[in-house]
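One structure is given below, encoded as structure tokens.
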Amino acid sequence: QVQLVESGGGLVQPGGSLRLSCAASGRIFSIKAMGWYRQAPGKQRELVAVITSGVITNYADFVKGRFTISRDNAKNTVYLQMNNLKPEDTAVYYCNLVSAQGYWGQGTQVTVSS
């Protein structure tokens with residue numbers, strides 16, 4: 001079994017920054033990709049950013065230029081640096097890992113408000 005533990009969420013003012021972390025543990029074999037998704041109240045879960053084992057990154061248009069995804073393979077950890085946060089970024093952010101199957105973290109709340 002694989003466990004994903006997210007951290008780093010919280011309350012921040014518009015224009016502020018947060019850094020999310022997601023550490024994977026357990027029976028991990030050949031990680032294909034790790035990424036972040038988010039779900040706002042009343043909306044569907046959507047992709048934010050993903051990074052493959054080959055360190056190829058892909059971002060949703062609404063975060064390009066503001067968010068950066070990175071990965072520490074030795075620690076099986078993925079990060080999401082979020083800058084210039086906007087109120088519309090408010091959501092629960094979920095970590096995702098894809099190996100032979102997909103796994104999800106429990107989510108961490110990000111609230112952007114003055």
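The values are calculated or read from the model by the stated rules, or taken from the named source; none is laboratory data. Bear in mind that the values here come from a model prediction, so they are computed numbers and not experimental data. As a convention, Cβ positions derive from the backbone with ideal geometry for all residues, glycine included, and neighbour counts pool all protein chains shown. Heads up: the accessible areas ignore ligands, DNA and RNA and are worked out on the full protein's heavy atoms, side chains in. Shrake-Rupley method; radii C 1.70, N 1.55, O 1.52, S 1.80 Å.
Would you mind checking the stretch 71-90 for residues with the amide N under 12 Å from a putative spin-label position 7 Å along Cα→C-beta of residue 28? The answer is 71-79.
Modelled label positions at residue 17 and residue 58, each set 7 Å beyond Cα in the direction of Cβ, lie 2.7 nm from each other. Average 1/r across all pairs of distinct alpha carbons in the stretch 1-42, invert it, and you get the Kirkwood radius: 12.9 Å. For residue 16, the residues 5 or more places off, or on other chains, whose built amide H falls under 5 Å of its own are 85. Across the stretch 11-19, rounded Karplus estimates of 3J(HN,Hα) from the backbone phi angles (6.51 cos²θ - 1.76 cosθ + 1.60, θ = phi - 60°) give 9, 9, 7, x, x, x, 10, 9, 10 Hz, Gly and Pro being marked x. For residue 90, nonlocal amide neighbours, meaning residues 5 or more places apart or on other chains whose placed amide H falls under 5 Å from its own, are 112. 3J(HN,Hα) along the stretch 82-93: 10, 10, 6, 5, 10, x, 6, 7, 4, 4, 8, 9 Hz, from the Karplus curve 6.51 cos²θ - 1.76 cosθ + 1.60 with θ = phi - 60°, whole Hz, x for Gly and Pro. In the chain, the portion of solvent-accessible area held by carbon and sulfur atoms comes to 49 percent [1.4 Å probe, whole percent, DNA, RNA and ligands not counted]. For a straight C-alpha distance cut-off of 17 angstrom, the lysines reachable from residue 64 (same-chain residues fewer than eight places away being disregarded) are 86.
Considering every Cα-Cα pair within the chain, what fraction, in whole percent, is farther apart than 17 Å? The proportion of pairs with Cα distances above 17 Å equals 50 percent.
Once C-alpha pairs closer than 8 Å and six or more residues apart are averaged by separation and normalised to the residue number of the chain, the relative contact order reads 37 percent. If the chain linking residue 44 and residue 101 were pulled fully straight, counting 0.36 nm for each residue of separation and taking away their Cα-Cα distance, it would gain 18.4 nm.
Given axes a ≥ b ≥ c from the Cα gyration tensor, I'd like to know whether the stretch 48-114 is rounded (a/c under 1.5), prolate (a/b larger than b/c) or oblate.
prolate
In percent, rounded to a whole number, the relative contact order of the stretch 71-114 is 35, using alpha-carbon pairs under 8 Å and six or more apart. Ligands, DNA and RNA are left out, and with a 1.4 angstrom probe the accessible area of the stretch 1-99 is 52 Å² per residue. Here the Karplus relation 6.51 cos²θ - 1.76 cosθ + 1.60, evaluated at θ = phi - 60°, turns the backbone of the stretch 58-74 into coupling constants of 9, 10, 5, 4, 6, 10, 4, x, 10, 10, 9, 9, 8, 8, 10, 5, 5 Hz, with x for every Gly and Pro.
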